[in-house]
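Working notes, beginning with the structure itself.
The values are calculated or read from the model by the stated rules, or taken from the named source; none is laboratory data. Being a predicted model, the structure only gives us computed values, none of them experimental. Glycine gets a Cβ as well: all are built from the backbone with ideal geometry, and neighbour counts include every protein chain shown.
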Amino acid sequence: MEQELDAVVRQRIRGLRMAKGWTLDALAARCYLSPSTLSRIETGHRRVALDQLVPIARALGTTLDQLVEPANDEDVVIRPEPHTAPGMIIWKLSRDSTPGGVTVAKMRITEEHVVDPANLGVHPGREWFTVLSGAVRIHLGERTIDVPTGEAAEFSTMIPHGMAALGGPAEVLSIFDHDGERAHMPG
């Protein structure tokens, strides 16, 4: 297990360095290690020490926790369960432990889902969605905005809001912050 984690850490260091387009010299200058030390760390010819990981992580713009988190991909596939409401089916596509505390959900909205413009929801945060198929109408305060397939919308959820299908069923991919999840996802 320890050797596997060492290999993952080495791959992450090299991958992050290369993603930034940096040479070993460039990273070495940023984390105050010699290029040869970094080379030996990346190739596995030297074990990386904790006192080296902190400046390497900082230089690469990541955290120590992210750099050394176990590579556990046992649960890569998410098997969403549908949650239904009148005129709406929601599939949660993210786990509760998603980084950043966001929730990703796919929603299928039919014309049976009715929005009362006089009774729109409000909660702290922001909402973002893209229309995968069909079209939706956003009721946003006093405005109505039509969003067709392939377009996206983002807005403050402190503005009274609601969403309905327009002219037939629509499928939407949404991202909610923590407050948005509590307001929109079935419990």
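Quick notes
- For ALA7: the one exception among (1) surrounded by 14 or more Cβ atoms within 10 Å (Cβ to Cβ); (2) closer than 17 Å to VAL68 by Cβ: (1)
- Here the condition is being surrounded by fewer than 16 Cβ atoms within 10 Å (Cβ to Cβ), of a type in the set (A, V, I, L, M) and at negative phi; of LEU132, LEU166, LEU140, it holds for LEU132 alone.
- Scanning segment 105-138 for residues that are out of contact with any Pro (no Cβ under 9 Å at 6 or more places or on another chain) and farther than 16 Å from PHE155 by Cα turns up MET107, VAL115, ASP116, ALA118, LEU132.
Conditions tested, residue by residue: (1) more than 25 Å from GLU81 (Cα to Cα); (2) at pLDDT below 90.
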position: LYS106; (1), (2): no, no
position: PRO117; (1), (2): yes, yes
position: VAL131; (1), (2): no, no
position: THR157; (1), (2): yes, yes
position: ASP179; (1), (2): no, yes
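- Unmet criterion (only one of (1) at pLDDT 85 or above; (2) among the basic types (Lys, Arg); (3) closer than 30 Å to GLU171 by Cα) for ARG95: (1)
- Qualifying residue in segment 138-156 (condition: of a type in the set (D, E, K, R) and assigned to a loop (DSSP other than H, G, I, E, B)): yes
- Where helices (runs of 4 or more DSSP H) sit wholly within segment 16-85, those with at least 3 residues that are surrounded by 15 or more Cβ atoms within 10 Å (Cβ to Cβ) and of a type outside the set (S, T, N, Q) occupy 24-31, 35-43, 50-60.
- Some residue of segment 48-64 being modelled with pLDDT of 90 or more, among the small types (Gly, Ala, Ser), farther than 30 Å from ILE138 by Cβ and within 19 Å of the chain's Cα centre (by Cα): yes
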